[in-house]
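Some notes on the structure that comes next.
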Amino acid sequence: MKIAIVCYPTFGGSGVVATELGLELAQRGHEIHFITYKQPVRLALLNPNVHFHEVNVPEYPLFHYQPYELALSSKLVDMVKLHKIELLHVHYAIPHAYAGYIAKQMLKEEGINLPMVTTLHGTDITLVGKHPFYKSAVTFSINQSDVVTSVSKNLKEDTLKHFAIHKEIEVIPNFIEINKPKQDEGTPCYRSLMAKDNERIITHISNFRRVKRIPDIIQIFYKIQQHIPAKLMMVGEGPEKEKAELLCEELGISNQVIFFGNSNEIDKILCFTDLFLLPSETESFGLAALEAMACKVPVISSNTGGLPEVNKDGFSGYLSNVGDVESMANNALHILKDEDTLNRFKEQAYEVAKEFDIAEILPMYESIYEKAFAKSIMEKI
Ligand code: GMT
């Protein structure tokens, strides 16, 4: 099938999911067209089935806000006609489902029926989407999608609770490629560059927004390092980063914390990590936690949103109430205290991650594409 994928190309789970999905679909013979304002960060174009079309929004003095949705919907129409695209899959409702709907309407005028699948990722519903400024347009564009999916059961419940949705929402969890060659197979793992042999390595990866509760991470680590030698790897960029650096200084732990900035080499960092921290305020799924588990890294997280669907309490790691840094630090110390316990949790985290292997999840997307496509043919008849 010829499929257009619209997503955010920057660092962030929804763009990663969209990119990895597109690449895997291309491997399976589908023709994939990524349509967005920048080449997605994890997109490798060396596949004849993968194409990237950039959406340009020229600056114009009259525009206070650049009309991205307009440019995106125009580009979608042009690319659908040029490449005979058969289906549109938009990731993150705002503004992609809205732009997709407009493109669909324009194409309808020309006798082209383009089925649209919308995947809800989290903050498009839980934070931004339900804001009164956006809510009507978000509700409308979700209802106008041919198929709607959400990345967790919890996100589906949240969507139905906050929006008047009359469409069925199918839950398709996020995924990882479990058989992806790991950094420790063949390539060296740079543990010794980061920490001494007796130090435990703890990692956090995110876009450093408030929702990630970055100060909690620093406080949890502060408590851990009072009991065992440890280092903290902070990977990512965002508005809370500077505050976090200042807090480390205040607590006198700056020399034990490394701030990496954004990295495309997550696997290289996870390969020497002993424990992953994700104490978020809300998290529809927590792809970063799943990526860690796939690298045999147990997870200490909050018990919010879709996290309990990914991180199994007492097995792949532990869950605590949002903000309960005491409990999170104690759980972390329990996992890290001896080699046997740590190794057991590492294996268990990997066991859970296997359930989310792309080989299990991809057929779910293929099946909804077929459903959406069949529906659009029926509508044409
Ligand atoms: O809000 C973010 O952290 C970014 C957002 C995104 O666009 O990538 O993440 C959301 O989607 C991810 C992929 O489905 C989920 O794994 C994250 O849990 C979700 N973030 C939140 O719900 C806060």
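Note on the chain: with a GNM built from Cα contacts shorter than 10 Å, the maximum mean-square fluctuation among K223, K38, K180 falls on K180. Note that segment 1-138, at 37 °C in a medium of 0.692 mPa s, gets a Stokes-Einstein diffusion coefficient of 214 µm²/s from its Kirkwood radius over C-alpha pairs. Note on segment 191-354: dipole from Cβ charges, positive end direction compared against L287, Q225, G305; the farthest Cα belongs to L287. Stretching N255 away from A71 to a fully extended chain increases their span by 61.6 nm, per 0.36 nm per residue minus the current alpha-carbon distance. With the convex hull of the Cα atoms taken as the outline of segment 191-354, the averaged projected area works out to 8.1 nm².
Assuming R0 = 30 Å, can you tell me the calculated FRET efficiency for the pair A164 and K223, based on Cβ-Cβ distance, to the nearest 0.05? About 0.10, to the nearest 0.05. At the residue level, Y37 shows approximately 80 square angstrom of accessible surface with a 1.4 angstrom probe and all protein chains present. Mean residue ellipticity, 222 nm, helices only, the chain: the sum of -39500 (n - 2.57) across DSSP H runs of n ≥ 4, divided by residue count and rounded to 500, is -13500 deg cm²/dmol. Only protein heavy atoms count here; on that basis, with a 1.4 Å probe, E69 has an accessible area of about 70 Å².
For the chain, the share of accessible area belonging to carbon and sulfur comes to 52 percent (1.4 Å probe, ligands and nucleic acids excluded). Remark on the chain: hydrodynamic radius 21.7 angstrom, per the Kirkwood mean of 1/r across alpha carbon pairs. Just going by the charge dipole of the chain, with Lys and Arg at +1 and Asp and Glu at -1 on Cβ, which of M106, F133, M378 is farthest out on the positive end? Among M106, F133, M378, the one farthest towards the positive end of the dipole of the chain is M106. Here segment 251-310 is treated with +1 on each Lys and Arg Cβ and -1 on each Asp and Glu Cβ, and its dipole about the Cα centre works out to around 160 debye. Distance between the modelled labels on Y37 and V128, one decimal in nanometres: 1.0 nm (7 Å Cα→Cβ projection). Each residue, R210 and N262, gets one label point 7 Å from its Cα in the Cβ direction; the gap between the two is 2.3 nm. Charge dipole (Cα centre; +1 on Lys/Arg Cβ, -1 on Asp/Glu Cβ; no other charges) of the chain amounts to roughly 560 debye. Heavy atoms of the protein chains alone define the surface here; on that basis the chain has 44 Å² accessible area per residue at 1.4 Å probe size.
On full extension, the segment bounded by E242 and E351 gains 35.6 nm, given 0.36 nm per residue less the C-alpha separation. Ratio of Rg to Rh for segment 130-282: 1.08 [Cα atoms; Kirkwood radius as inverse mean 1/r over pairs]. Applying 1/(1 + (r/R0)^6) with R0 = 35 Å to the Cβ-Cβ distance of K2 and L193 gives a FRET efficiency near 0.20.
Springs between Cα atoms under 10 Å define the GNM used for the chain, and in it the highest mean-square fluctuation of S73, S192, S327 occurs at S192. Pick from E249, E86, E240 the residue whose mean-square fluctuation is largest in a GNM of the chain, springs joining Cα atoms under 10 Å. Evaluated over the chain, the most mobile residue of the options is E249. Computed from point charges on the beta carbon alone (+1 for Lys and Arg, -1 for Asp and Glu), the dipole magnitude for segment 191-354 about its Cα centre is near 120 Debye.
Each label point was placed 7 Å from the Cα along the Cα-to-Cβ direction; for A359 and K375 their separation is 3.1 nm. Here segment 210-343 carries DSSP beta bridges of which approximately 10% are antiparallel, counting only pairs with both residues inside. L193 exposes around 130 Å² of accessible area when a 1.4 Å probe is run over every protein chain in place.
The values are calculated or read from the model by the stated rules, or taken from the named source; none is laboratory data. Please read these numbers as outputs of a predicted model, since none were measured by experiment. With ideal geometry, Cβ positions are generated from the backbone for all residues, glycine too; neighbour counts draw on all protein chains shown. Ligands, DNA and RNA are stripped out before the accessible areas are found, and what is left, the full protein with its side chains, is counted by its heavy atoms. Shrake-Rupley method; radii C 1.70, N 1.55, O 1.52, S 1.80 Å.
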